[in-house]
Amino acid sequence: MKLRKVTAAAATALVLSLTATACGGDDGNDESGSGSSGGGDKIKIGIKYDQPGLGLKEPSGDFSGFDVDVATYVAKELGYEPDQIEWVETKSADRENALARGDVKFIAATYSITDERKEKVDFAGPYLLAHQDLLVKKDSDITEATDLNNKKLCSVAGSTSAQNIKDELAPDAQLRENGTYSECIAGLQSGAVDALTTDDSILAGFAAQDQYQGQFKLTGLKLSNENYGVGVKKGDTETVNKINEALEKMVSDGAWETAVKDNFGPAEYKNEPAPKIGDIVS
Ligand code: GLU
């Protein structure tokens, strides 16, 4: 009996140590590669799950989009093959906390570089310049941001899109802040809201979905400059530098342009040229 107990305990210890080896411990650090020069067992990367063309979890369980391609390229440069990537959903309002907690090694999730965010996280990049825009029904008479005042508008909590509306673009709009943009588009389709605002890159991806074909239009207003950066835990300069090198390489070897064509082509999104590292358009 005693022997069996010892054996069971030993077996448990073995399982635990194997689990620790496979998963890199439970603090998320080894698993995400924090503190090392990369090349651990797994890397956790934050993306969006519901933004077609940028970060999407497909019904098959596969992941697609420009951010996914950028993140996969960067991970490879950090020493991780695609099958070592563990994708984690990081909604707009969760990104700073996910990095601070060490839930993910980095975030590529339509994450605009802003001074306010830079107080909490560090950014590599930028790797894409997008612009805030409005998505409205095909027959809508909303053509300017000021047309939104007193109208029902949907955006996402924790986004620059919602903040810009409140601060300056249309402070008198009836702003509904959801957790994700896919919740907003459902409201736009049903008529519960008059417009959806966020980056044109995201809106183009939604509008091009089969189920929405011909229903919506982008106003093309370029209401802001959204410089997408790769978010990294505050103080992790080593990772920021490595990601910047990876992003430069991605542009110079043509992989950036390929990712643009693959992901924005279907939505006919006219993207800006590749930005230079550190070149923030204000
Ligand atoms: N790029 C903007 C932001 O970082 C809007 C898109 C988003 O919510 O991710 O807030």
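Please treat every number below as a calculation from the coordinates, not as lab data. Everything quoted here is computed from the prediction, not taken from an experiment. All Cβ positions, even for glycine, are placed from backbone atoms using ideal geometry, and neighbour counts span all protein chains on display.
Structure values in brief
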item	result
THR143, THR180, THR90 arranged by Cβ crowding within 10 Å, fewest neighbours leading	THR143, THR180, THR90
Within the chain, longest stretch clear of exposed trypsin sites (Lys or Arg not before Pro) (DSSP loop, no more than 13 other Cβ within 10 Å)	1-137
Nearest-20 debye value, the chain charge dipole, Cβ charges on Lys, Arg, Asp, Glu	880 debye
Contact order normalised by residue count of the chain, Cα under 8 Å, 6+ apart, percent	23 percent
Region 72-162: Lys pairs at Cα distance under 25 angstrom, eight or more positions apart or on different chains	12
Range of Cα positions in region 119-205 per principal axis (Å), largest first	40, 26, 22
Cα-derived Rg to Rh of the chain, Kirkwood definition	1.05
Sparse-neighbourhood loop sites, GluC sites (Glu not before Pro) in region 141-190 - DSSP loop, at most 16 other Cβ within 10 angstrom	GLU144
Theoretical gain in end-to-end length, LYS222 to LYS120 [0.36 nm per residue, Cα-Cα removed]	34.0 nm
Mean separation of Cα contacts under 8 Å (6+ apart) over length of region 113-181, as relative contact order %	29 percent
Alpha-carbon Rg/Rh ratio, for region 63-104, with Rh computed the Kirkwood way	0.99
On Cα atoms only, tilt of 2-23 relative to the major axis of the chain in degrees	40 degrees
Table column - 3J(HN,Hα) (Hz), region 191-202, Karplus curve with 6.51, -1.76, 1.60, x for Gly and Pro	x, 5, 10, 8, 7, 10, 10, 5, 5, 4, 4, 6
